[in-house]
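Reading through the structure tokens given below for one structure.
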Amino acid sequence: MPTTPATSIDVLLARIPLFSSLTEDEIARIARGTREINAAKGDILFHKGDQPTGFHLIASGQVKLGFTSSQGTEKVIDIMGQGQTFGEAVMFMDKPYPVFAQALTESRLLHVAKQTILAELERDPRFARKMIASLSVRLHHLITDVEAYSLHSGRQRIIGYLLRDNNGSEARSVTVTLPTSKGTIASRLNLTQEHFSRILHELSEAGLIVVEGRKITITDVEKLRGYDL
């Protein structure tokens, strides 16, 4: 059933953990400072060097953050999905974006204006604490990434990626569907696409996974987890 854009934005904002403690009136205030963006696959949401005016929430779809080296090589910093936000830290720093953002699929996003967020931070200390917590989680993930790039082999990084959602699973066999192209994921893991494909082939030859396009079946979770330790 169709809804008005304002109602739709209210509902989407209320689902975000960052805004979960806010009242309907507070959500409505933020909604008034929020605009909807519909992006086709490949659309650039912002370029490196653009000045941020707020932050983005992904209502549906996928977005990659990255930059291009002087040699023309693209490095993917992160792959963001539904419910995730990006651009908060740069928004507070009053500095240009250090990366670009590009839609990997047809995506629907919300852009929350900086002034709207600043006003809510002044009104509600609880909201300020949640914003700090959100940025702290992002920093923790960044540190984890740096640790993985520095201390883990390419094989270990790929195994960790394949098992990232199955740490508490007791199933012996699980199927993982890669959310985007192997080249994009390889860049996210700081690997070349050739290296990524070579390791997948090696794991397949060892009988640990079965690769069918983007669908990867892990035949024995525990064996894969213990491989190359």
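The values are calculated or read from the model by the stated rules, or taken from the named source; none is laboratory data. This one's a predicted model, so the numbers in the text were calculated from it and none came from an experiment. We place every Cβ from the backbone using ideal geometry, glycine too, and count neighbours over all the protein chains shown. These accessible areas exclude ligands, DNA and RNA; they are computed on the full protein's heavy atoms, side chains included. Shrake-Rupley method; radii C 1.70, N 1.55, O 1.52, S 1.80 Å.
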- Message: Here is the link list: K64/K182; K182/K215; K41/K215; K41/K64; K48/K75. Which ones come out longer than 18 Å on Cα distance?
- Response: K41/K215
- Item | Histogram of C-alpha separations across the chain, 10 Å bin width, % | 7, 28, 31, 22, 11, 1
- Treat each spin label as a single point 7 Å out from the Cα along the C-beta direction, and report the S181 to S60 distance in nm. 2.4
- Cα pair distances exceeding 22 angstrom across the stretch 92-188, given as percent: 54
- Message: Report D for the stretch 59-122 in µm² per second (integer): Stokes-Einstein, Kirkwood Rh on Cα pairs, 25 °C, 0.890 mPa s.
- Response: 185
- State in Å² the accessible area per residue of the chain; use a 1.4 Å probe, count heavy atoms of protein chains only, and round to the nearest integer. 55
- Counting only protein heavy atoms and using a 1.4 Å probe, what share of the accessible area of the chain belongs to carbon plus sulfur, as a whole percent? 54
- Message: Just to confirm the number: angle between the C-alpha axis of helix 125-151 and the first principal axis of the chain, 0 to 90 degrees, nearest 10?
- Response: 20
- So, for the Cα atoms of the stretch 51-91, Rg and Dmax in Å stand at 11.8, 34
- How high is the relative contact order of the chain, given as a whole-number percent (alpha carbon pairs under 8 Å, six or more residues apart)? 19
- Qualifying trypsin sites (Lys or Arg not before Pro) in the stretch 142-224, DSSP loop, other Cβ atoms within 10 Å at most 15: R164, R172, R214
- With a point put 7 Å past each Cα toward its Cβ, work out how far T219 is from T73 in nm, to one decimal. 3.4
- Given a Förster distance of 25 Å, the FRET efficiency implied by the Cβ-Cβ spacing of S153 and H47, rounded to the nearest 0.05, works out to 0.15
- Task: Starting from the Cα-Cα distance between V211 and L142, subtract it from 0.36 nm times their residue separation and give me the gain in nm to one decimal.
- Result: 22.0 nm
- Query: How large are Rg and Dmax for the stretch 1-90 when only the alpha carbon atoms are used, in Å?
  - Reply: 15.2, 50
- Task: Give a quick list of GluC sites (Glu not before Pro) in the stretch 157-229 that DSSP marks as loop, anything other than H, G, I, E or B, with at most 10 other Cβ atoms within 10 Å.
- Result: E170
- Could you rank Y227, Y161 by how accessible they are, 1.4 Å probe, largest area first? Y227, Y161
- Per-residue ellipticity at 222 nm attributable to helices in the chain (runs of n ≥ 4 DSSP H, -39500 (n - 2.57) apiece, nearest 500 deg cm²/dmol) works out to -12500 deg cm²/dmol
- Message: Just to verify a number: FRET efficiency for R15 and R164, C-beta to C-beta distance, R0 = 22 Å, to 0.05?
- Response: 0.45
